[in-house]
Structures are given as structure tokens and as C-alpha cells.
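Worksheet for the structure shown next.
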């Protein structure tokens, strides 16, 4: 489970991180002092604790921008002001916590939020607007860029799907089990059978390019994928 804490007050930020670490030690936690830093990271999170009153970009604006690319992220607002609750609900916030944060209440909310994030991961599909079709992400082997089109290669004997679109557009919908290994390829790491410094082999004898400059990053991502419960086909 990938969790982000966005809070401009260092003491509170570290306090929330300690609470999460104590309750969910298997989670990967990232801390940010500003909403702009969270957005600039480009990382996808299952769960985000977001302070509302921050200098510069506040939590509400940060959430609006985050929702454009991460619709499934579970948002929990942390605030000292009750009047923000209605704006939080407009952004489909899962919960809001009032400062000072009560440990018992926090533990209860975190547990429910983690279950909700896991439920969303299980149901996650890839919506293809031009076909009015939702494809189960578990059925995707890899995605290949072909000029102005992308081809979605599927596992088993299912038909491949070719559509007009961009890799960036599809990448924003995919779960963390996928990796952009090359400008022209995104792979489902559950189907990896072998990899080298310049290529990745997948189930069914398929092979795609791996950008050499991404090799180190890819190995870390793949190891984390396996440690987080991903399937090994090696």
C-alpha cells in the first residue's frame, strides 16, 4: 500500500507518518511539505492524507488537480476548520480528520481507508472511451505505442485492441503493477518471465524493449512489485 502524507507543519507531518508506520508497517510512506511537491512527484498513491490549510496551493486545490489523474486514490483531509467539510465532500473525500488528531480515531479511519483502497484496486479496470469498454487490467499483457494509436496486447487468446490515444492517457489509468519501460511500451509486471539490460520477456514468448537508462529503476520497481504481493512468472 502506497500512502502519502501532505502537511506543511513538520511536527504534525512526522506524527502522522509515525502513526501510519506503527499501524501499517508494510506500507510505503512518502511525506510532502506542500501539495505542489506531491503533484510534481508524479507518483500514484492508494491513500493520501492531505492538510487543507497550507501556504501556496492549499489542500482543496491540490485534491482537485490530483483527481484529474488519480480518480481512485482514497483522500483523507486533515484540518482544524470544520467549514471545509463540504468542499471535501465535493472532491469525494473518504473522510476528514480534525486537528489535533486523536490516535484512536486515526487508527479507525486508517483501517477503513486501507480496506477501501484495497477494494478499489481489486475492481480497477481500464476504460476505453472510444470503444465504450472497460477492460480488466489483469488481462493486459503489455501496451505498445504505434504512432497516433496504441495497441493493447492481451493475455491468453483474447483479441488485441487498437485505439487512437496516447501512452500517457492510458498510463494514468493503470495500477502500480504496470511499468513504463520504454517510450513505446508499458508492461504488466505480473507477466514478466525474464529481463535483461535492454529487454523484458513476457508470457507467451513476447519481448519488449527496456530503455537502458531505466534499467536500475525498473529492477527496483519490479522487486517492490514482488514484495507487495505481485505475481512472479520468472
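Computed from the coordinates by the stated procedures, all read-outs in this text should not be read as laboratory data. Just so you know, these numbers come straight off a predicted model, no measurement behind them. Cβ: placed from backbone, ideal geometry, glycine included. Neighbour counts: every protein chain shown.
Annotations
- Acute angle (nearest 10 degrees) that the helix 10-23 long axis makes with the longest principal axis of the chain, alpha-carbon atoms: 60 degrees
- With both labels modelled 7 Å from their Cα along Cα-to-Cβ, the residue 98 to residue 166 distance reads 4.4 nm.
- Contour excess over end-to-end distance, with Cα ends at residue 107 and residue 120 and 0.36 nm allotted per residue: 2.7 nm
- Relative contact order, percent, region 1-105 [alpha-carbon distance under 8 Å, six or more residues apart]: 25 percent
- The chain: antiparallel DSSP beta bridges as a percent of all, rounded to 5: 60 percent
- GNM result for the chain, Cα springs below 10 Å: residue of 23, 137, 53 fluctuating most strongly: 23
- Calculation over all alpha carbon pairs of region 2-123 in 5 angstrom steps from 0 returns a P(r) of 2, 11, 25, 28, 22, 10, 2, 0 percent.
- Radius of gyration and Dmax over the Cα atoms of region 126-227, both given in Å: 13.0, 38
- Computed from the Cβ-Cβ distance with R0 of 25 Å, the FRET efficiency linking residue 159 to residue 193 stands at 0.65.
- Projected label distance in nm at residue 27 and residue 212, using a 7 Å step from Cα toward the beta-carbon: 4.1 nm
- Share of alpha-carbon pairs per 10 Å distance bin for the chain, given as whole %: 7, 30, 31, 21, 10, 1
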